[in-house]
Every structure is written in C-alpha cells, then in structure tokens.
Amino acid sequence: MRCRVEETTFIPLTRLTTPSALVRALEEEVARIPVPLGKQVRALSELFGLFTGERSGLHGSFYLDTPKLRTAYLRYHLPLNVARASWVLADVLRVYPRLSELRDVADLGAGLGSASLASLHGLPPEVERSFWLFDKSRSALKMARVLLERSAAPGSARITTKALRLPSLPLFPRPTLVWLAMVLNEIEAGARGESPSKALLDRLAERLKPGSVLLVIEPALRGPGRSLLEAHEGVLASGAWRVLAPCTHQLSCPLLRLRDRPWCHFKFRWDVPGVVREIADPLGLDPLEPGLAYLALERISPGEKLSPGEPLARVIGDPMRLERGGFGVYVCENGRRETIEARGPITRGDRVSTRGLTLPRRDDSRK
Ligand SMILES: C[S@@+](CC[C@H](N)C(=O)[O-])C[C@H]1O[C@@H](n2cnc3c(N)ncnc32)[C@H](O)[C@@H]1O
C-alpha cells in the first residue's frame, strides 16, 4: 500500500510564490531607500544578530523604529514572513474552510504587516475584510499601511492601525481572525515568572467571540517550538479552544514526553523574489526552504463538545532510513508519535492516512 496524502493540491503548499502586487509594492519602496546596498546588507546582519543571538536584547526593544533595521526587515523578513503566514493560511483553509468567512482580521504584533498581507492575498477576495493592525512600533505600522494600501485592489480592504502594547488587547466585537505571527517568542524574551504567552492566550480566550480563529506562528527553532508545545497544553486545559492544526486530534502533545526533546515544525519551498535575493545573497542566506512552527485554534462556545478529530495523521518528520531497510517518517496521530513506512512521496506537513503502514514502537519516552 502507498501512503495516501490528503488534499495537497489546492494552494501549492509545497512551493510558494510572493503575490506580484506585493513584489511591486516592495520594489517601489526599496527604490526609495537612499542607502547603498552594502549598508543595507550590514543592517540585515545586525538584525539577524538581534534575532538569533542573545534574545533578551529583544526585550523592550523597538528595533523597527530604527530606520536601517526597518529597511532590513522590509527587504528580508517581511516577504519571508508573508510566505510563512501564507503557508499556514493555506493549510488551515484546508482543514477549516469557514476561516474565509471571517470579515475582521486582527494582526497583533503586526510589524510591517506580514500576516495581514498574507491574509489580503491568500483569503478568497469575495468577502470584504477589515484589517486591524496593532504593534508597539508606530513606524512599523506606518509602513505596513503603505504596503497594504499599495498591494490591495482599490476599495477591497479597510485598514486600521493602532499602537498597542501587548498583553493589552483591543476589543473584538465580531468573530475575528487573529494573528500572532513571530511575536510570542519576542514577548517571552527576557521574561521571568509566569509565561507571558500563556497569560496572553488566556486573555484572548476571554476576549474573543466563539467562531474566532487564532493563528500563531513561531520560528522553527527548538526554544520557541518547545514553548509553543507548552502553550498548546495550556490551550487544551482551558477548554476554550478547538485545535485546528497542525494536530489532527485534541489530545496532549506526544513530543513533550519524548527523551530527545523534539518540537513540531514544518518547512516548504519558496520562490525567493529578486528583491530578497539581492540582500540575502551577500550574506549567504538561503531562504529557499523556510521553516516554521504554528498552532491554529478556534474559539469555541462554553461547553461545546469537541469531536475526536479526523482519522488522519500529520507528518512531523523528514523521511529517514529504517534499520530494516526502506524509508519511514514520524507522524503524529491520536496523541502519539508513530513511525510509518514511507512508500510514496511524502513530505513533512502532509496529512496522511496511516492504515497498514504503522511500524512497531520503541520506548523513547522520558524516564
Ligand atoms: C518578529 S516581529 C514580527 C512582525 C510580524 N508579525 C511578522 O510576522 O513579520 C515581532 C513584532 O512584535 C512586536 N512586539 C513585540 N513585543 C510587543 C508588545 N509587547 N506589544 C506589541 N507589539 C510587540 C514588535 O514591535 C515586532 O513588530
């Protein structure tokens, strides 16, 4: 029997491109930058230092208010994060098509508007939407507005930007699509005591109307990835949410119990636009296969019964050689990590039926 991969053809999950209207808007903005490319490259290197080095430097930092760092973000992280958010959106639309009915999009920690831009270009255009962008950086919000207005079809989107310091939250008068894209790790940086992410998710559960959807994206790194698994446990315990993705069940995460401390992350292929290549190539950056960790949640009504989930598993690893020969992959199914035989093309992130493919387990739980 071959692996049966479910529904992988609707939006090309495996190879993402950047919407041409957004590429044009970016190119226009980049053409206005009065700084030579060499300096922009150095600023990007500095920004990387901030994101990947001593992350407590992020605590209380308004790096997007610094023009050179904002420019670097615009040329590299913005389009990359649009691709990440587009991938998540496409995946969630598959499991929860009603997402496209939501008319309000709230982007918390919006930065230059990556998640809003992904929603603008990735959700069906028939519904007129209002975009609400919040960030502690006013200069970031100003640029986000420019990019959204330039790349939206005239009159297709109402855009509101507002400076706001999380964990303060706006009101959500209607069911809303809420984004926390690459933000939780930043509010966790330098924090002591109770997890700010948990507090924020609890507050969102109180504030959001049933039918709202929360999409969280985090870097594909072990630290933020494991924190997201912990947040997932809190979400389950609260009874306020249905987990839409990546889990195909409503059970505790098996990865938290495993000795090798894995974390749930995915990757996809991205056709990197020229405006990104120009600044990425001198630093040897290769964003062809971006990674991410994510969690998609639906706010449910109090007491709403949760269905046990669909009888599918999520592929959470890359194909690996098996001792007995052939290839296998890790999948997450019914709250357990299993290994299945990979008999056909299969990719991390696919949702598959495992019937007849599951291999005997080894005990790799933590003692
Ligand atoms: C890595 S950027 C992500 C921006 C955007 N969501 C994206 O995906 O590209 C993190 C953003 O969170 C914002 N941020 C961090 N802490 C915040 C807080 N406490 N309140 C509001 N915004 C915050 C930063 O200003 C920054 O714009």
Next item on the list: Provide a single number: the residues in segment 204-228 that are more than 22 Å from SER130 (Cα to Cα) and within 14 Å of the ligand (Cβ to nearest atom).
Entry: 5
Next item on the list: Please work out which residue is nearest to GLU233 (Cα to Cα), limiting yourself to segment 320-341 and to residues that are open to solvent by 70 Å² or more (accessible area, probe 1.4 Å) and not in a strand (DSSP E or B).
Entry: ASN334
Check: Among the listed residues LEU288, LEU295, which satisfies the condition of being under 22 Å from the mean Cα position of the chain (by Cα) and closer than 30 Å to LEU37 by Cα?
Finding: LEU288
Margin query: Quick check on segment 186-197: of everything there that is away from the ligand (no atom under 13 Å from the Cβ) and within 27 Å of LEU47 (Cα to Cα), which residue is surrounded by the fewest Cβ atoms within 10 Å (Cβ to Cβ)?
Written below: ARG192
Checklist line | Residue that is modelled with the highest pLDDT [pool: residues in segment 338-367 that are over 26 Å from LEU89 (Cβ atoms), out of contact with any Gly (no Cβ under 9 Å at 6 or more places or on another chain) and charged (D, E, K, R)] | finding: GLU338
Checklist line | Subset tally (residues that are assigned to a loop (DSSP other than H, G, I, E, B) and within 19 Å of GLY234 (Cβ to Cβ)) for segment 177-188 | finding: 1
Check: Do you know which residues across segment 92-116 are within 9 Å of the ligand (Cβ to nearest atom) and in a helix (DSSP H, G or I)?
Finding: SER114, ALA115, SER116
Next item on the list: Test ARG84 against the stated conditions and say whether it is basic (Lys, Arg), near the ligand (Cβ under 9 Å from one of its atoms) and open to solvent by 20 Å² or more (accessible area, probe 1.4 Å).
Entry: yes
Check: Mind checking which residues of segment 209-246 are part of a loop (DSSP other than H, G, I, E, B), under 14 Å from the mean Cα position of the chain (by Cα) and surrounded by 22 or more Cβ atoms within 10 Å (Cβ to Cβ)?
Finding: PRO246
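Can LEU93 be described as surrounded by 22 or more Cβ atoms within 10 Å (Cβ to Cβ), at pLDDT 95 or above and out of contact with any strand residue (DSSP E or B) (no Cβ under 6 Å at 6 or more places or on another chain)?
When the stated conditions are applied, LEU93 does not pass them.
Answer yes if at least one residue in segment 128-148 is without any contact (Cβ under 8 Å) to a residue 12 or more places away in the chain and of a type outside the set (A, V, I, L, M), and no otherwise.
The answer is no; no qualifying residue exists.
For every residue, the table says whether it meets (1) open to solvent by 40 Å² or more (accessible area, probe 1.4 Å); (2) touching a strand residue (DSSP E or B) at 6+ places or on another chain (Cβ under 8 Å); (3) assigned to a loop (DSSP other than H, G, I, E, B).
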site: LEU256; (1), (2), (3): no, no, no
site: CYS264; (1), (2), (3): no, yes, yes
site: VAL272; (1), (2), (3): no, no, yes
site: ASP286; (1), (2), (3): yes, no, yes
site: ALA293; (1), (2), (3): no, yes, no
site: ALA296; (1), (2), (3): no, yes, no
site: PRO308; (1), (2), (3): yes, no, yes
site: ASP318; (1), (2), (3): yes, yes, yes
Item checked: Residue under evaluation LEU166, criteria (1) within 14 Å of the ligand (Cβ to nearest atom); (2) surrounded by 23 or more Cβ atoms within 10 Å (Cβ to Cβ); (3) within 24 Å of SER130 (Cα to Cα); (4) not acidic (Asp, Glu), criterion not met -> (2)
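Would you say LEU147 is open to solvent by 10 Å² or more (accessible area, probe 1.4 Å) and more than 9 Å from the ligand (Cβ to nearest atom)?
no
The values are calculated or read from the model by the stated rules, or taken from the named source; none is laboratory data. From a predicted model like this one, the values you see are computed outputs, not experimental measurements. Glycine gets a Cβ as well: all are built from the backbone with ideal geometry, and neighbour counts include every protein chain shown. Heavy atoms of the whole protein, side chains included, go into the accessibility calculation; ligands, DNA and RNA do not. Shrake-Rupley method; radii C 1.70, N 1.55, O 1.52, S 1.80 Å.
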